[in-house]
Amino acid sequence: MSDPLDKLETRKDTIQVAIESGATHVGGIMSIVTGAVRDITRELGEWATDMFEIRDAARRARRDGDSAP
């Protein structure tokens, strides 16, 4: 017959390993999410910069067209 303390310790060890594994995987997932948010933010910023440049080019083209002989 096994000692009740042995069963309790085995359960504690199992729970500990499960929690540690969960924390490791959650950390990995959060790293992925953080990287994705960073990449999305960068892409949105670059797209906004493109829009500003396109707007400025259109203004210059209109201005140049208005001053053409």
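With the Cα gyration tensor of the chain giving a ≥ b ≥ c as the square roots of its eigenvalues, does the rule (a/c under 1.5 for rounded; else a/b larger than b/c for prolate; else oblate) give rounded, prolate or oblate?
Working: a/c = 16.24, a/b = 15.17, b/c = 1.07.
In terms of gyration-tensor shape, prolate.
How much accessible area per residue does the chain have, in Å², with a 1.4 Å probe? Present the calculation step by step, with values, prior to reporting the outcome.
Values: 6220 Å² over 69 residues.
That works out to 90 Å² for each residue.
What is the percent carbon and sulfur in the accessible area of the chain, measuring with a 1.4 Å probe over the protein chains and ignoring ligands? Could the numbers behind the result be given before it?
Numbers: 3990 of 6220 Å².
Looking at the chain in its full context, I get 64 percent from C and S.
Quick one: angle between helix 4-66 and the longest Cα principal axis of the chain, in degrees between 0 and 90, rounded to 10, please.
0
With every protein chain present, what accessible area does Ile29 have (1.4 Å probe, heavy atoms only), rounded to the nearest 10 Å²?
100
The values are calculated or read from the model by the stated rules, or taken from the named source; none is laboratory data. Note that the structure is a prediction, hence the values are computed from the model and not measured. Just the protein is used for accessible areas: all its heavy atoms, side chains included, with ligands, DNA and RNA removed. Shrake-Rupley method; radii C 1.70, N 1.55, O 1.52, S 1.80 Å.
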